[in-house]
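One structure below.
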Amino acid sequence: MPDRIVVGVDGGGTKTEAIVTDASGRVRGRGLAGPSNWEVVGLDGLLAAVTHALDEALAAAEVARSAISASAFALAGVDWPSDETRLRPGLASLGLGGELVLVNDA
């Protein structure tokens, strides 16, 4: 059975960090980008920052988006159910495999 690979993204008002780990918790890749609070940078800015950090982490881990087993996004500005409804389609368009969890970064 192939190793389960997961990605976590912490996006805030000053920076966005993505980390790719294996099932044992070993960090396999890390990526950084600028702010991703959609209330400040807009939806396009959020997706640009998340994509940059994610692609950097995946490249360092030598893992394709489709190989991800699950992803978790802790993002500033996800304060209400309507925010999740607004952001989820863009995050889903990133093409990550497995379950996608979206919460506030607090």
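Please give, to one decimal in nm, the separation of the simple spin-label points placed at A106 and S24, each 7 Å out from Cα toward the Cβ.
Here the answer is 3.7 nm between the modelled labels.
Could you derive backbone 3J(HN,Hα) for segment 5-16 from the dihedral phi with the Karplus parameters 6.51, -1.76 and 1.60 (θ = phi - 60°), listing whole Hz in sequence and x where the residue is Gly or Pro?
With coefficients 6.51, -1.76 and 1.60, one gets 10, 10, 10, x, 10, 10, x, x, x, 10, 7, 10 Hz.
So for W38, W80, what's the accessible-area order with a 1.4 Å probe, most first?
Ranked list, largest accessible area first: W80, W38.
What per residue convex hull volume, in Å³, comes out for the chain when only alpha-carbon positions are used?
Taking the convex hull of the Cα positions in the chain, it is 86 Å³ per residue.
Charges at C-beta only: +1 for Lys and Arg, -1 for Asp and Glu. How large is the resulting dipole of the chain about its Cα centre, in Debye rounded to 20?
My answer is approximately 220 debye.
May I ask which residue of S24, V78, A48 lies farthest towards the positive end of the charge dipole of the chain, with charges of +1 (Lys, Arg) and -1 (Asp, Glu) on Cβ and the Cα centre as origin?
Going by the Cα projections, it comes out as S24.
Please list 54-62, 71-79, 26-34 highest first by mean number of surrounding beta-carbon atoms within 10 Å per residue.
Answer by packing, highest mean first, reads 71-79, 54-62, 26-34.
Taking the Cα atoms only, what angle lies between the long axis of helix 81-92 and the longest principal axis of the chain, rounded to 10 degrees?
Compared with the principal axis, the helix lies near 40 degrees.
When N counts the residues of segment 55-106, how does its alpha-carbon radius of gyration compare numerically with 2.2 N^0.38 Å, as a ratio?
Taking the Cα Rg and dividing by 2.2 N^0.38 Å, one obtains 1.21.
Out of the total accessible area of the chain (probe 1.4 Å, heavy atoms of protein only), what percent is carbon and sulfur?
For the chain, the apolar C and S fraction of the accessible surface comes to 57 percent.
If you take every DSSP beta bridge fully contained in the chain, what fraction is antiparallel? Give it as a percent rounded to 5. The partial results should precede the final answer.
Working: 13 of 26 bridges.
Percentage antiparallel, nearest 5: 50.
The values are calculated or read from the model by the stated rules, or taken from the named source; none is laboratory data. All values derive from a computational prediction rather than experimental measurement. Neighbour counts run over all protein chains shown; Cβ positions are idealised from the backbone, glycine included. These area figures cover heavy atoms from the full protein model, side chains too; ligands, DNA and RNA do not enter into them. Shrake-Rupley method; radii C 1.70, N 1.55, O 1.52, S 1.80 Å.
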